[in-house]
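Below: the structure, in structure tokens.
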Amino acid sequence: MEKKLLYIVCSLLFFNYFKKDARVNYVYAKQDLNGTTDANKLISDTVLVKIADNIALKWNKKSNSLIKDSNYHNYLKNKNTLRLIAESIASTTDLGVLVCSKKKGHLKVGDVAFLYLLENRKFYLFQCLKIQFDVLDKDCKIPRSLLDYIDKNRHTVGKKVSECMI
């Protein structure tokens, strides 16, 4: 009886070891034939978004999101910097980057500034714009048609965000 129980327990352990979900997967920086690593690809997927003379945010093209580096966090501590970021929502400088939730056109500097303030809860979207953007597409963190709305109403949105900022 004890041997059968031992065989059953060992079999279950062996079976669980080879289940895909039970194994731990380690991720290493893979190197392709050209000698580039995943870290190099991350850098090539990054776009520097210049807001003002001393203010620049980083956007990742693959993940459609802001990169949270030391500057990202330091800007939150300075009210003048936040004011300049809010004013830059009016910027229509084209970054030449497609974004997941935008139907027409490329990402603009003003879009990135808006998303930075929204992501850091410096204003509340519905309370400020009086429009609810609550539809998210698969694999996209940005609400559908939000950036298209900003494109059409860039100056109005910039004013409202400046007034609503906490």
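Taking first residues from region 56-84 that are farther than 23 Å from Val99 by Cα and without any contact (Cβ under 8 Å) to a residue 40 or more places away in the chain and partners that are loosely packed, with under 15 Cβ neighbours inside 10 Å and not basic (Lys, Arg), the Cβ contacts under 7 Å between residues at least 6 apart in sequence or on separate chains come to Leu84/Ala52.
Tallying residues that are buried (at least 20 other Cβ atoms within 10 Å of the Cβ), farther than 19 Å from Thr46 by Cβ and β-branched (Val, Ile, Thr) within region 78-112 yields 1. Considering Tyr75, Tyr149, the condition of being farther than 21 Å from Lys61 by Cα and surrounded by 11 or more Cβ atoms within 10 Å (Cβ to Cβ) is satisfied by Tyr75 alone. Considering (1) under 20 Å from the mean Cα position of the chain (by Cα); (2) closer than 26 Å to Lys79 by Cβ, the lone condition that Lys130 does not fulfil carries the number (1). Of the residues making up region 114-166, those that are among the hydroxyl-bearing types (Ser, Thr, Tyr) and within 27 Å of Asn71 (Cβ to Cβ) number 3.
Inside region 113-146, residues that are in contact (Cβ under 8 Å) with a residue 40 or more places away in the chain, surrounded by fewer than 17 Cβ atoms within 10 Å (Cβ to Cβ), among the aromatic types (Phe, Trp, Tyr) and assigned to a helix (DSSP H, G or I) make up a count of 0.
No lab work stands behind these numbers, since they all come straight from the coordinates. None of the values given here were measured: they were computed from a predicted structure. Please note: Cβ atoms are built from the backbone with ideal geometry, for glycine as well, and neighbour counts cover all protein chains shown.
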